[in-house]
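S.K.: I have a structure I would like to understand better, so I am pasting it below and will then ask my questions one at a time.
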Amino acid sequence: MDYHATTPVDPRVVEAMMPYFTERFGNAASRSHVFGWEAAEAVEQARDEVAQLIGAAAAEIVFTSGATESNNLAIKGAVAGGARKRRPHVVTCATEHKSVLEVCRRLERHGVADLTVLPVDGTGRLVAEQVGEALRGDTVLVTIMLANNEIGVLQPLAEIGAITRQHGCLLHTDATQAAGRFPVDVDGLGVDLLSLSAHKVYGPKGVGALYVRRRRPRIDLLPLQDGGDQERGVRAGTINVPGVVGFGAACRIAGEELQQEPARLSRLRDRLENGILSGLAGVTVNGHQAHRLPNNSNLSFGGVEGESLLISLPEIALSSGSACSSTTSSPSHVLKAMGLDNDAAIASLRFGLGRWTSVEQVDFAIEKVVAAVTKLRRNSPSWAAMRSVRRGHERLETKELA
Ligand code: PMP
């Protein structure tokens, strides 16, 4: 139930990767022999497969170590590379992943950039016009995620893209959770930079990509790493050939499965949500109900101690938020940005379904969650008090009606 944190590598992906560890082990930058040529050919095929998943050209894909690096390269690279301003302005949003928010905040702290962090509404969505209102003459970059990793909410990227295009600043999106979950097209969205990660699409960990638009406009990124001229000098360092090959295969398979998989996942998600909601009162679905990922459900449980909730569900792989934040027990910044208080934010569970989630697993999760929450509430004095007050009201209302 935690496919937002990571996904298992698809066996078809492992199979594609295997030869590149052993007999085809060449360095893709070796130009003088067949080992290098084979590796380079495989990398270029993978570049094409990754590009196709997002409607890009192969030459617009830069391989990285994952979405964290892609986000850093996009934001730091665009601010330092393209900006001719002394202290350029960047716009982002309060519910972004830490690998975007913390990058922006660091640039602000170090006096490199001015920052505007836009709020979201109670459903976790931005209104595109808010972005327009935040833009200034010195705005160089807007960075807004496509799909949120905790609440699955989709932001109105195409509308934002039309606004940034007209204004003449760059638009970056973190599409880590979106790609392979629904069709993504860089031109349709009007984005200039887009981050991806292989391990969220049934590929290996430690590989990712940044889409960098090459025409209208051509983007001048300052590299984070200098060294060799790999990746056209934008990202120096020997390419992880097996990882990249796996990423390519994962993107090809995800693209092929886009026809059926989102509908299957949303049916499973609805089954999970309906099962829990019909088994328990006092449960709130967090995030916009329509504009969200097909595989996500984020629920808050009234009347339970947040810390006890996860501990009482040891048989299910679940989290209360981003894996990147789960080493700290502070409440989710995403749920807080939507207006939830600390207690409600902690008493929340993030469900993320995926390629191998079955009906049986969903039914098992429903049963365990309903049982665990019921038991926790039985032991919670505040919930018991609230229930008896509510029952009292119900009795009064019935009397009045009679
Ligand atoms: N952005 C989002 C939305 C994510 O969900 C994640 C992974 N938790 C990342 C970025 C970071 O990706 P990676 O693990 O590839 O660095």
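Computed from the coordinates by the stated procedures, all read-outs in this text should not be read as laboratory data. The shown structure was predicted, so the numbers you read here are calculated from the model rather than taken from an experiment. All Cβ positions, even for glycine, are placed from backbone atoms using ideal geometry, and neighbour counts span all protein chains on display.
S.K.: If contacts are Cα pairs under 8 angstrom and at least 6 residues apart, what is the relative contact order of the range 21-101 in percent?
M.R.: Working: 53 pairs, mean separation 12.9, N = 81.
Worked out over the range 21-101, it gives 16 percent.
S.K.: Next question. Please report the antiparallel percentage of the DSSP beta bridges confined to the chain, to the nearest 5.
M.R.: Details: 20 of 36 bridges.
Antiparallel bridges make up about 55 percent of those DSSP assigns within the chain.
S.K.: Okay, next question. Given q = 0.08, 0.13, 0.19 Å⁻¹, what are the Debye log10 I(q)/I(0) values for the range 133-279, with equal point scatterers placed on the Cα positions and solvent ignored?
M.R.: Ignoring solvent entirely, the Cα scatterers give -0.29, -0.72, -1.25.
S.K.: Mind putting together the pair-distance distribution for the chain? All Cα pairs, 10 Å bins, whole percent per bin, short to long.
M.R.: Over the chain, the share of Cα pairs per 10 Å bin runs 5, 22, 29, 23, 13, 5, 2, 1, 0, 0 percent.
S.K.: Oh, and also: Please state, to two decimals, what the Cα-based radius of gyration of the range 211-347 comes to when divided by 2.2 N^0.38 Å (N = residues).
M.R.: On the way: Rg = 20.9 Å, N = 137, 2.2 N^0.38 = 14.3 Å.
The value comes to 1.46.
S.K.: How large is ³J(HN,Hα), in whole Hz, for each residue of the range 95-109 in order, when computed from phi with the Karplus curve 6.51 cos²θ - 1.76 cosθ + 1.60 and θ = phi - 60°, using x for Gly and Pro?
M.R.: Listing the rounded values in order: 9, 5, 5, 4, 6, 9, 4, 5, 5, 4, 5, 5, 4, 5, 4 Hz.
S.K.: Length gain on complete extension for the stretch residue 127 to residue 6, per 0.36 nm per residue less the alpha carbon to alpha carbon distance?
M.R.: Numbers: separation 121, 0.36 × 121 = 43.56 nm, distance 2.92 nm.
Additional length available on full extension: 40.6 nm.
S.K.: Highest GNM mean-square fluctuation, the chain, Cα pairs closer than 10 Å: which of 144, 75, 366?
M.R.: For the chain, modelled as a Gaussian network with Cα springs under 10 Å, the answer is 366.
S.K.: Take the chain, connect every pair of alpha-carbon atoms lying under 10 Å apart with a spring to form a Gaussian network, then pick out the residue of 195, 278, 348 with the largest mean-square fluctuation.
M.R.: The residue that fluctuates most here is 278.
S.K.: Determine how many Å³ per residue the convex hull of the Cα atoms of the range 15-125 encloses.
M.R.: Values: hull volume 18.5 nm³, N = 111.
It comes to 167 Å³ per residue, whole-number rounded.
S.K.: May I ask you to derive the relative contact order of the chain, considering only C-alpha pairs under 8 Å and at least 6 residues apart, and to give it as an integer percent?
M.R.: Across the chain, relative contact order equals 21 percent.
S.K.: Using a cut-off of 15 Å between alpha-carbon atoms, which aspartates and glutamates can reach residue 336, once sequence neighbours fewer than 8 places away in the same chain are excluded?
M.R.: Partners found: 96, 121, 150.
S.K.: Another one. Which value in nm describes the separation of the simple spin-label points at residue 44 and residue 21, placed 7 Å from the Cα toward the beta carbon?
M.R.: Here the modelled spin labels are 2.7 nm apart.
S.K.: State the Cα centre-to-centre distance between the range 237-261 and the range 95-171 in whole Å.
M.R.: What the calculation gives is 28 Å, centre to centre.
S.K.: If you don't mind, there's one more thing I want to ask. Per the Kirkwood treatment, what hydrodynamic radius in Å, one decimal, follows for the range 58-116 from the mean inverse distance over all distinct Cα pairs? Don't skip to the answer; put the middle values down first.
M.R.: Numbers: mean 1/r = 0.0829 Å⁻¹.
Radius from the Kirkwood sum: 12.1 Å.
S.K.: Now for a different question. With a ≥ b ≥ c the root eigenvalues of the C-alpha gyration tensor of the range 202-292, is it rounded (a/c under 1.5), prolate (a/b larger than b/c) or oblate? Please report the intermediate quantities before stating the final value.
M.R.: Working: a/c = 2.82, a/b = 2.30, b/c = 1.23.
Since a/c reaches 1.5 and a/b is larger than b/c, the shape of the range 202-292 is classed as prolate.
S.K.: Would you kindly state the longest site-free stretch of the chain, with sites defined as GluC sites (Glu not before Pro) in a DSSP loop (not H, G, I, E, B) surrounded by at most 12 other Cβ atoms within 10 Å? Before the final figure, lay out each step's value.
M.R.: Values: sites that count: 23, 315.
Free of exposed loop sites, the longest segment is 24-314.
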